[in-house]
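Reviewing the structure listed below.
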Amino acid sequence: MKFYAINGSPRKKHNTATVLAKALEGVSAVLPDAQTEMLHLYDYSYKGCISCFECKRLGGKSYGKCAVRDELAPVLEKLSLADGIIFGSPIYFKGITGEMRSFFERFLFPYLVYDATYSSIAPKKMKTAFIYTMNVTDAAMRDMNYPEHLGGMEYFTGRMLTPPSVLYVNDTYQFMDYSKYKVECFSEEAKLKRKNEEFPKDCQKAFELGMAMARS
Ligand SMILES: Cc1cc2nc3c(=O)[nH]c(=O)nc-3n(C[C@H](O)[C@H](O)[C@H](O)COP(=O)(O)O)c2cc1C
């Protein structure tokens with residue numbers, strides 16, 4: 001069995017990558033023989049959907065698949081046969097990162113059939129999960145309707161593949177050394193306390209998310 005974590009952060013060793021690694025550890029704890037791999041989207045040179053509609057051309061060789069041949073193409077091929085995928089993204093301006101969104105356009109749109117029910121022709125309905133990391137607290141996130149904004153991609157993932165489980169990781173530690181940057185809106189002390197006391201709990205939740213995915 002093959003499980004992937006997709007890191008939509010440009011940073012390979014920060015919050016998003018850390019919780020994604022924990023989720024994959026959770027998968028391995030339940031399925032020691034499963035193959036797990038983290039893919040960093042910023043390693044690949046690609047763009048979002050170019051609206052060529054080759055994925056919908058009747059009788060076309062790319063029907064149901066993205067026809068664009070770039071560095072994302074082999075990644076999409078691999079993912080189409082996954083047993084489970086955990087999508088992780090930092091929040092940039094209340095949404096997933098641009099690279100993550102471009103990835104989803106290329107990954108999900110070819111599976112969407114323009115029939116009466118907008119059915120899915122995904123070759124495999126793998127398990128899915130979303131993990132978001134962000135600066136705002138849980139309360140601020142809900143006040144500003146982040147879950148509603150983020151729900152769009154979760155909805156299409158559910159329609160094309162399977163409904164995702166979701167984990168929000170709030171109030172993340174953004175810099176290695178706050179003293180080197182102009183930051184007046186956050187208290188470094190409070191951020192550090194949260195990093196030391198709450199982030200390990202978030203990692204545990206990510207681990208449990210991975211275990212639950214592997215069990216299901
Ligand atoms: C361009 C940019 C925009 C951001 N916008 C938001 C935002 O709208 N809301 C939020 O809570 N955090 C925002 N953040 C903070 C990141 O989401 C947060 O630090 C995240 O945990 C970073 O993930 P990483 O450590 O994996 O890179 C933003 C950060 C950047 C660089």
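Brief remarks on what is shown
- Matching residues, segment 1-38, being open to solvent by 40 Å² or more (accessible area, probe 1.4 Å), within 16 Å of the ligand (Cβ to nearest atom), in contact with a helix residue (DSSP H, G or I) (Cβ under 9 Å, 6 or more places away or on another chain) and not in a helix (DSSP H, G or I): Pro10, Arg11, Lys12, Met38
- Every residue from segment 52-61 that is open to solvent by less than 70 Å² (accessible area, probe 1.4 Å) and free of Cβ contacts under 8 Å to residues at least 12 places away in the same chain: Gly60
- Only one of the numbered conditions (1) within 16 Å of the ligand (Cβ to nearest atom); (2) touching a helix residue (DSSP H, G or I) at 6+ places or on another chain (Cβ under 6 Å); (3) open to solvent by less than 10 Å² (accessible area, probe 1.4 Å) is violated by Phe104, and that is (1).
- Qualifying residue in segment 65-73 (condition: among the β-branched types (Val, Ile, Thr), open to solvent by less than 60 Å² (accessible area, probe 1.4 Å) and away from the ligand (no atom under 16 Å from the Cβ)): yes
- Pairs with Cβ under 6 Å, 6+ apart, first in segment 132-151 and within 14 Å of Thr97 (Cα to Cα) and open to solvent by less than 20 Å² (accessible area, probe 1.4 Å), second assigned to a helix (DSSP H, G or I) and not charged (D, E, K, R): Thr133/Asn15; Thr133/Thr16
- Within segment 91-101, restricting attention to residues that are in a helix (DSSP H, G or I) and open to solvent by 60 Å² or more (accessible area, probe 1.4 Å), the residue that is nearest to the ligand (Cβ to nearest atom) is Glu99.
- Some residue of segment 39-48 being open to solvent by 30 Å² or more (accessible area, probe 1.4 Å) and small (Gly, Ala, Ser): yes
- Failed criterion for Phe156 (all others in (1) open to solvent by 30 Å² or more (accessible area, probe 1.4 Å); (2) without any contact (Cβ under 8 Å) to a residue 24 or more places away in the chain hold): (2)
- Restricting segment 162-181 to residues that are within 14 Å of the ligand (Cβ to nearest atom) and open to solvent by 70 Å² or more (accessible area, probe 1.4 Å) leaves a set whose member that is modelled with the lowest pLDDT is Met176.
- Only one of Ala129, Ala116, Ala140 that is among the small types (Gly, Ala, Ser) and closer than 18 Å to Tyr4 by Cβ: Ala129
The values are calculated or read from the model by the stated rules, or taken from the named source; none is laboratory data. Owing to the predicted nature of the structure, the values given are computational and were not obtained by experimental measurement. Note that we place each Cβ from the backbone using ideal geometry, even for glycine, and neighbour counts take in every protein chain shown. When the accessible area is computed, the model is the full protein with side chains, heavy atoms only, and any ligands, DNA or RNA have been set aside. Shrake-Rupley method; radii C 1.70, N 1.55, O 1.52, S 1.80 Å.
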